[in-house]
Every structure is written in C-alpha cells, then in structure tokens.
Amino acid sequence: MFVAHFDVDAFYASVEIRDDPSLRGKPLAVAGSSRRAVVLTASYEARPFGVRSALPLYRAREYCPELVVVPPHMEKYRIVSREIFGIFARRGFPVEGLSLDEAFIALGDLTFDEACEAARAVRADVFAATQLTVSAGVASGKMVAKIASDSCKPDGFLAVARGDEAQFLAPMPVGRLWGVGPKTQARLEQAGITRIGDLAKCDDVTLRELFGSWSAHVRDLARGVDTREVEPERETKSISSEETFEYDVRDEAQLITLLREQARDVAASLMQENLSAQTVGVKIKRANFTVLGRQAHLAEPTRDPRRIFRVAVYCLRRAELDGAPVRLLGLRVASLVPGAPKQAALFERQDGGARKLNE
Ligand SMILES: [Mg+2]
C-alpha cells in the first residue's frame, strides 16, 4: 500500500502569475491589505529574501523592497482547487484533502513502480489542465510521502521505496517530524537530538523522559513507520451552535456572552474536522417567532474563535434588535475549506507538538 502526497507549488502566487504573465519572474506575495496583513503565499523568487507564508507584510516589504504584492482572490483559488481535486479523484482512489491545494491519495495495492507512475500522471494532468505545477511524494505512509513532496519542491517528484524510510528521514532536522513543533524541537536540541536519525536510535529511557506516553509513537514516526490511513473527506457544509432560551432575552450583553461560547464551540468543531470557514452568520428567533439571519463573508478562511466571535457580534448588531426579545440565538459557519487557514503558520496541537503548515 502506497500513499501519494500532492501539493501545488506556491498555490495562490502561482495562480496570480499564471493569470498575469507580467508578474512572472518577480518576487511576489499574495497578501491582504489590512494593517496586520500577513503573506499568504510567496513566489519562489521572493523566498530567497526570507519572504514566506505567515510573515507580516510590513516585514516582508522590509526584507524585499521590490516585492510585488497582489491581493488574494479566494473565489478564483476555490474554482482552481475544485478543478485540481477533480483530477485527484479521477482515478478512483480515496482522496484526503488537507487544504485547497494539497491532498493525500491512497494508491490501493499498486506496486511501487505503478504508484510512481500514477503520481507522475496526476502531476502531468494537473499541469495540462491548469498550467500549475504540483509537487508529489510517494511513500509507504502519509508522513514520509508529505516530507518527500516538501523536499522536492517546486515542480518535483520524489518517491521513497518501502524499507528506505528511516534512511530517508535520518539526516533531516527533527522539526520535520509531525508533532514536533518549535518548542519540542528546542527541548530535543538541548538533549543533543537534532536529526531525525538521532531520535530513531534514541534509547527508551531518554525517549520516555522526553515524550512520556507518546514515546513509542514518536520512535515509529522517526523510523518512518506510519500506519495512519488516508481519510477521504466527509461532506460538511456548515457547522452551527444554537441555544433556545428558557426566558426571552433582551439584553445584548447576554447575547454577546453566548456568542462568545458558541464561537468557541464552532471553532473547536472546525479544528476537529480540520476545516476553516469563510462565512460566519447568526440566526435569531424573536419572541414573536420570526426568524432572521445575518451573515458575513470573510476575506480569508478562519477557525480562530476570537475572529469568529467578532464577526458574529458584527452580524448581531446588523440585525438591529433594539432590545426586541429573543427566543433563540445561533452561530453558524459555512463556506468550509479543508485545512488550517494560511495566515496561522503554526499551531500547537493538544498533544504538545506542532504541525507546520504547508505552502
Ligand atoms: Mg501548496
């Protein structure tokens, strides 16, 4: 059983360059225009300057004064994404989307050579249909396949044969392992463990001191043993949290307090489903049973509870209740996209590790 990981190179930037060839060859960043905007995607020409995803835009301009900044066109990226996922699905293998431009494909019981052949064909099909390059990795498990495709970007293909996983991983920094975030990496470096190979041959006692009950799993990953299956997406169209009050509520502060909780609920569900949302709305049932809804479309997808909360409050205010009694309040997010939002480059997982976002 082999798994392929596909990741379009500098997706947003590549779409912009494709559609405006005058941008080709220039250091380019796709970024919003707010004061706190961060780089969503940097072209490969911008990267030698240190411009990368999640870098604040003002900093990116300092690093690279000639940086060309293009605003994001999310609707267009979604259309291209659907086209690419159509190609991913064409051969009938299970597809697990990780973001708009990144997916795992389970290659069933193909042999290694057949798996490589299939992955190369998908790369060629995506390029033929979209003029975008997608890098691919093939391996016996998801993590090694992803590390392989990350290592051969842009426009690359790298396959790791069964049995070669540990050797492939050994020279890489420990931070490349899933679950090893910057904090864990620093702790490992203090213990003299800098390469994945160091971790793979680490003794049980040290490993248990470092990772506790998680240590066996970490050693497996360090050796490239990774049995997680490709999980095709479930269809989730919206996620909501609603509350019917025992008594009608007129107090806006009370409604806002509830929205804060609901935003936390909904954000937790998004995290659990590995989704982000681009539409946030509220549903209000008044005491006279009329229902009204207000929603807002965000410039970029999010799953940040504070952001969802702020937008929900804005929607609530737009409903202009003026103290009208409310029987039910709901918060709903929709326009769901797979994966974490691009602007949050790192997030700590509950198990204490962190996972780096792809580009
Ligand atoms: Mg990508």
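Where a number appears in this text, it was derived from the coordinates with a stated rule and is not lab data. Predicted, not measured: the structure shown is a model, and the values here were computed from it. Using ideal geometry, Cβ is built from the backbone for each residue, glycine included, and neighbour counts are taken over all protein chains shown.
How would you rank K283, K183, going from fewest to most other Cβ atoms within 10 Å of each one's own Cβ?
Least to most surrounded, the residues fall as K183, K283.
Helix 252-273 versus the longest principal axis of the chain: what angle, 0 to 90°, nearest 10, using Cα atoms?
So the helix axis and the longest Cα principal axis differ by about 20 degrees.
Give the relative contact order (percent, whole number) for the chain; include only Cα pairs under 8 Å separated by 6+ residues.
Numbers: 707 pairs, mean separation 62.0, N = 359.
After rounding, I find 17 percent.
If you find the alpha carbon centre of the range 60-85 and of the range 187-214, how far apart are they in angstrom?
Between the Cα centres of the range 60-85 and the range 187-214 lies a distance of 39 Å.
As I understand it, the value is the acute angle between the Cα axis of helix 74-89 and the longest principal axis of the Cα atoms of the chain; what does it come to in degrees, rounded to 10?
50 degrees
Hey, what angle do you get for helix 305-318 against the long axis of the chain, alpha-carbon based, 0 to 90 degrees rounded to 10?
30 degrees
Taking 30 Å as the cut-off for C-alpha to C-alpha distance, list the pairs among K26/K146; K76/K285; K146/K237; K26/K183; K183/K237; K26/K76 that go past it.
K76/K285; K26/K183; K183/K237
For each of T257, T279, count neighbouring Cβ atoms within 10 Å of the residue's Cβ, then give the residues from fewest to most.
Numbers: T257 11, T279 16.
Starting with the residue having the fewest Cβ neighbours, the order is T257, T279.
Along the Cα-to-C-beta direction of R318, a point sits 7 Å from the Cα; which residues of the range 262-283 have their amide N less than 16 Å from that point?
Those under the cut-off are 278-283.
Which order do S14, S149, S240 fall in if you start with the one that has the fewest other Cβ atoms within 10 Å? Provide the component values of the computation, followed by the final result.
On the way: S14 24, S149 28, S240 16.
So the ranking, lowest neighbour count to highest, is S240, S14, S149.
To the nearest 500 deg cm²/dmol, what mean residue ellipticity at 222 nm is calculated for the chain from DSSP H runs of n ≥ 4 alone, each contributing -39,500 (n - 2.57), summed and divided by the residues?
Value at 222 nm, helices only, nearest 500: -11000 deg cm²/dmol.
Restricting to Cα pairs below 8 Å that are 6+ residues apart, what does the relative contact order work out to for the range 170-230? Please round to a whole percent.
Computed over the range 170-230, the figure is 34 percent.
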